[in-house]
Amino acid sequence: MNDSTDLEPGHDAPEDQQGHLALALCFAAFALFHIYTSFMGPFEPLVQRGLFIGGAMGLAYWSMAAKSKRATSAQAMLFFALAACSLYTGLHVIMNSRTFMDIMNDLQWFDKFVAVMAILLLLVATQRILGWALPVLTVIALLYYFWGHLAISGLWQPPRVSPDTALGMLYASTSGIFGFMADIGTGVIAIYVIFGALLMATGAGEVFVQLANRLAGRGSGGAGKVTVVTSALFGTVSGSAVANVMAVGSVTIPTMRRAGYSKAFAAGVEASASAGGQILPPIMGAGAFLMAELLNIPYIDVAKAAALPALLYFTLIFIGVDLYARKHHLASMPMEKPPIERDKAIPLAGSVALLVYLLANNYTPTFAGGMATLMLLILTIIFRLAPALQGRGSSNLRQESVIVFAQIGRGLVAGGKGLIMIAILLGCAGMLTSILGASGLGVKVSGELIGIAGNSLVLALIMTAILCILLGMDVPTTASYILTASVAAPVLSQFNLPPLTAHLFIFYFAILSAITPPVCASVYAAATIARESFWKVAQSAMIIAGGVYFLPFMMVYRPGLLLDGSLGEIIYATIMTVAALFCFASASIGYLSRALNVWMRLALIAIAGLFFMPGVIYDLTACILLICFVVTMKTLAQRTSNLPAAADVALPEISKENRNG
């Protein structure tokens, strides 16, 4: 992912840089606008979405101008001009919203000019912020949509479309740039991005680290386990793999190094654990909110179904870290256990608890997120300022007030920055998916996949997984999920797979693309922090998380993992899956009571394969073989450990005899 514009949360706030106060205020105002609409409701569709996309593009180019060395340089002036043009593209939609919503309206020449300008500006902004992959795919789709009928014949020939119709669909309507994706972004995703940023700014990160030390600090490899738990806790509020790595990795990776872990393994653990944060409720990745809207189901249903697979994901990594520590004889570190700071923990717990309660009682995700954000701010102010009031010192109160409101301000700025990337991503993705639908390209690709898969669900799942990972190269998880779902979800529906299961399968592999070489953003971030070779970190991440590539298939063949079935079926599916993941973890790390050779690893993989075969007979056989394997390994380990002890006893006797002689 291209971070050249420094728009992701976690970077220094603009107000910390001289001369950038106005930009910081605009970021904060952008966030406050979305907090306001979460309570009061959105404006008219094109008005709300025009502010979201146009404002985001304008702020993105303004940020690029602010990064220039001199505000008067030619590059800075160019970016300022592009920022003004971007803002106008959104303003033009707002001013003409009623006209554009009239189906009998014909675009004027100036409307077409602004539409072309908006498309070009959005493509450039996407490239600057997210890299080349998504804009290149969009340009190819645009060429196919506008001029494909001139160059392609037969089945793949797109329908002839006039420029007026195409530009109207892409710009001057509630499709394309200002379509469904933008609506979900400004109406649902935005408030959770802001909520997560405010949580981190008000001290949630420190609470997570303290809690992780208490939960996982003891035992072999404690530092690695703390990393897994910390990344999981961060993932519940961040929903971004790269942001998770950047926020947590700067602390956890050096800690693991001091505990004896190699640089590559420490970075691999952080990258793998951070990627899983996007599927861990209550705040999942942006794709989960899109999924709920696409399937027309409550977000809480998506969160419930994803909860158990998410826990299993982190269970696998936790087991892998434990086995690695035992294999390399890494002793537990004396982990400090500072008391959890109540003034930071209570606002965190109270706001998240309120969020879960409201979602569970079928309140809209937007309202639930807005209320949780308000609760966080209220509790933070109360619990941070109450000690100062009790001290009866006006200077202490003023000092603490400045600190608290500065943190809230930084959180709003970080939330506004996060919205910029989300808005531009969804605007470009909305344009691409609209073209796939209008040109019929998505249906044609789906038909080809169905033809290749035939009657094999396994083959269809494998092709979907590969497609998702390929599309996920150099694009965020949300874009990978959107593109794959538009093509592959209809294919999986042909096999009578429940829609939620199909979409979770796709979403899961979209997340795994973040740790799959050759292009994997979270691995790049972790390798940079560890100052280690990207390929070494990628190899370690694949070793640690190799088993999770099979977890989505288990979700399909064991519906109990998605809480679909009776309690007994859910428990049974969980136990069998944990056993399979244990086999994968042991085989990939190469340790189970003792070091494993190649044949032992292959045997474990074969046992794990039996757990994927539907049927009690296969499960029973796999359990018996696994128990036998574990007992055998423990026996061999005990025999090996006894050999040095026998030698130590014999040596003194021989020495004594020699001395007597």
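The values are calculated or read from the model by the stated rules, or taken from the named source; none is laboratory data. Computed from a prediction, not measured in an experiment: that's the story for all the values here. Neighbour counts run over all protein chains shown; Cβ positions are idealised from the backbone, glycine included. Areas reflect the complete protein model, heavy atoms only, side chains present, ligands, DNA and RNA absent. Shrake-Rupley method; radii C 1.70, N 1.55, O 1.52, S 1.80 Å.
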With every protein chain kept in place and ligands, DNA and RNA left out, what is the accessible area per residue of the stretch 173-301? Probe 1.4 Å, answer in Å². 25 Å²
Looking at this model, which pairs from 417/536; 112/417; 444/536; 417/444; 225/536; 67/112 are more than 28 angstrom apart at the alpha-carbon? 417/536; 112/417; 444/536; 417/444; 67/112
In terms of the alpha carbon gyration tensor, root eigenvalues a ≥ b ≥ c, rounded if a/c is under 1.5 and otherwise prolate when a/b exceeds b/c or oblate, the stretch 107-165 is oblate
Counting only heavy atoms of the protein chains, get the accessible area per residue of the stretch 376-493 (1.4 Å probe) and round it to a whole Å² value. 37 Å²
For the chain, what % of the accessible area comes from carbon and sulfur atoms, probe 1.4 Å? 66 percent
What percent does the relative contact order of the chain come to when contacts are Cα pairs within less than 8 Å and at least six residues apart? 18 percent
Rounded tilt (10° steps) of 133-151 against the dominant C-alpha axis of the chain: 50 degrees
When all protein chains stay in place, what accessible area (Å², nearest 10, 1.4 Å probe) is found for residue 102? 80 Å²
In whole percents, the bins of 5 Å from zero upward hold the Cα-Cα pairs of the stretch 137-210 as 3, 13, 13, 14, 11, 9, 8, 7, 7, 5, 5, 3, 0
In deg cm²/dmol, rounded to 500, what helix-only [θ] at 222 nm does the chain give when every DSSP H run of at least 4 residues adds -39500 (n - 2.57) and the total is split over its residues? -25500 deg cm²/dmol
Compute the signed sum of charges (Lys and Arg +1, Asp and Glu -1) over the other residues within less than 12 Å, Cβ to Cβ, of residue 94. +1
Net charge of neighbours whose Cβ lies under 15 Å from the Cβ of residue 172, counting Lys and Arg as +1 and Asp and Glu as -1: -2
³J(HN,Hα) across the stretch 584-597 via Karplus (A = 6.51, B = -1.76, C = 1.60, θ = phi - 60°), whole Hz, x for Gly/Pro? 5, 4, 5, 5, 6, 6, x, 8, 7, 6, 7, 5, 9, 7
Cα lying deepest toward the dipole's positive end in the chain, options 161, 288, 526, charges on Cβ: 526
Please sort 355-361, 427-433 by packing, taking for each peptide the average over its residues of neighbouring beta carbons within 10 angstrom, highest first. 427-433, 355-361
To the nearest 20 debye, what charge dipole does the stretch 204-344 have about its Cα centre, counting +1 at the Cβ of each Lys and Arg and -1 at the Cβ of each Asp and Glu? 580 debye
Between the modelled labels at residue 637 and residue 149 (7 Å from Cα along Cα→Cβ) the distance in nm is 6.9 nm
Charge dipole (the chain, unit charges on Cβ, about Cα centre) - positive-most of 640, 616, 268: 640
